[in-house]
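Contents: one structure, followed by commentary.
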């Protein structure tokens, strides 16, 4: 089972005096990159929120937002009446205007309005915590669904690489025989006598340099391990990335040792499939 790092989660809370919307967006990243936006009233809880998100989401570029929409006649800003009256009295001495004009000028001066700092209500915070949990679960569900799509793609490409490897294995005896024939022909064209036993020894040494038996076995094992890791309980994109690197190493070695055009064509196709796997692995948690 694998999870994508791409996802979206949302939770909406309807409280007595306000509507609170919690949003989570996630994209791929090598590590956890968390950006939190929230009203100042909840800033004291930011560290707690960050710890919760880090434990649940583990990795990715995460955008977390809390939006508040007031739904009742409730405001944290009030007119500082004594101060406004003093401003108006002073303005009368310097301006010939009626009370409405004086009021318009007075409310623009410093301290004319008082902003009362809201305190977090415990019941409200419990509701918000539950909302954050619901948004996280929503995002995780989204990640799982995206991961299922990636899993299908990975399995198809692994099957494709396995099929190409089987063709390489089937072609290998033909390749070795071709190497033997080219060497034999090259020596005969020299029109010189040679020791057949010595030639066979040199031929064995030369062919061993082009032997890809170990690479074929290791690549087969890596493909099986990759499939097992996809189907394991935990999602580990980094582990899958390491396995894909080992797969690439074996494929490259087969290509460099093959010295046979038809086999090299198969290697190019395997590389193409592996590159597509690596690109998608960047999105795996």
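Key figures
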| read-out | value |
| --- | --- |
| Between the stretch 1-73 and the stretch 210-224, the alpha-carbon center distance in angstrom | 46 |
| Relative contact order of the chain, defined on C-alpha pairs under 8 angstrom at six or more residues apart (%) | 26 |
| Mean Cα-pair separation over length for the stretch 46-187, i.e. relative contact order, pairs under 8 Å, 6 or more apart, % | 24 |
| Ranking of 270, 1 by count of other Cβ atoms within 10 Å, fewest first | 1, 270 |
| Residue 238-residue 209 pseudo-label distance in nm [points 7 Å out on the Cα-to-Cβ vector] | 4.1 |
| 172, 272 arranged by Cβ crowding within 10 Å, fewest neighbours leading | 272, 172 |
| DSSP bridge orientation in the chain - percent antiparallel, rounded to nearest 5 | 80 |
| From the coordinates shown, log10 I(q)/I(0) by the Debye sum over Cα atoms at q = 0.07, 0.08, 0.12, 0.16 Å⁻¹ corresponds to which of (1) -0.53, -0.61, -0.88, -1.14; (2) -0.23, -0.30, -0.71, -1.33; (3) -0.25, -0.33, -0.79, -1.52 | (1) |
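Each value in this text was obtained by applying a stated rule to the coordinates, not by laboratory testing. These numbers come from a predicted model, not from an experiment. FYI the Cβ positions are ideal-geometry reconstructions off the backbone, even for glycines, and counts take in every protein chain you see.
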